[in-house]
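Have a look at the structure below before the remarks.
Derivation of every value follows stated rules applied to the coordinates shown; laboratory data play no part. All figures in this text were calculated on a predicted structure; none of them were measured in a lab. All Cβ positions, glycine included, derive from the backbone under ideal geometry; neighbour counts span all protein chains shown.
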Amino acid sequence: MLFNEDSISNSKPIPIFFNGFAALPADTFKLANEAFERGSISDAIQLYESIVSKDYGSASIYHNLGTAYIKQQDWSAARFYLEKGLQEAPLHSAIQKNLRFAREQIDDLYSFPRFPLTGVIETIKSHTGSNFLSVLLSSLFLILVVLLWFRPGNLAVWLYILGSFWIVTLVLLLFERNYDHTNHRMAIIWQNQTPLYDKPEVSDLGIANLSAGYKVRILEQVGPWYYIDLADGTSGWIEQKEVRRL
């Protein structure tokens, strides 16, 4: 399937700074970006993968790796890494655009149900949002200490206001925890024509054949089998080897 380069964002790789990291991943990342820019996509992928295998994953690396796989039209790998990038940086516009493009090629345009306040949670999970939340929590604690120290006449009113802020913050944190838990249950179908069965066993009669790159949610595991559902509501059993967990 042919695609237009203008349909994907940032044809050039995104740079990254390895603050506090060993020199080897930074050097490898630079070499990978250079390979990407001169069109040696397979070499770039190999170098990016070597970084990821050492647990140096980041939104920039996942974006570049996913975009490299788009250029190779490997949609399952492209979606896998772009989804991982989006987990790291939910508001990353280039990742969002390239992920939409990959999903269009896969024809998997359904979305899993969004949580209440998902937009707020995604903002919190962004780098800026995390900093803001940290400052907010620290400020609330300092205000509480000051109030208890000086004990103004309207202390009860201030305590009610602070309590309300704390409750709202805790609710957001609980939603974020549930959001993360669900994200960790997601997986990507790795091969085309992956059979979906109604029981955890191979049979001639399957429910459907799933395309490479489909995003599924793991609901249960029985031995080497996963019970999964798709965003359109289809559910069934697939072999564990057929998916790659996010």
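With both labels modelled 7 Å from their Cα along Cα-to-Cβ, the Leu137 to Lys30 distance reads 3.7 nm.
Computed packing ranks the peptides 86-96, 50-60, 202-212 as 86-96, 50-60, 202-212, most packed first, by mean other Cβ atoms within 10 Å. Summarising the label geometry, the points placed 7 Å from Cα in the beta-carbon direction at Ile167 and Arg245 lie 3.7 nm from one another. Neighbours of Ala26 by Cβ distance under 14 Å: Lys/Arg scored +1, Asp/Glu scored -1, total 0. By definition, a body whose alpha carbon gyration tensor gives a ≥ b ≥ c is oblate when a/c is 1.5 or more and a/b is not larger than b/c, and segment 56-103 fits this oblate description. Extension gain for the segment Val145 to Asp229, taken as residue separation times 0.36 nm less the Cα-Cα distance, is 25.4 nm to one decimal. In this label model, Arg185 and Leu155 are separated by 4.6 nm, measuring between points 7 Å along each Cα→Cβ vector.
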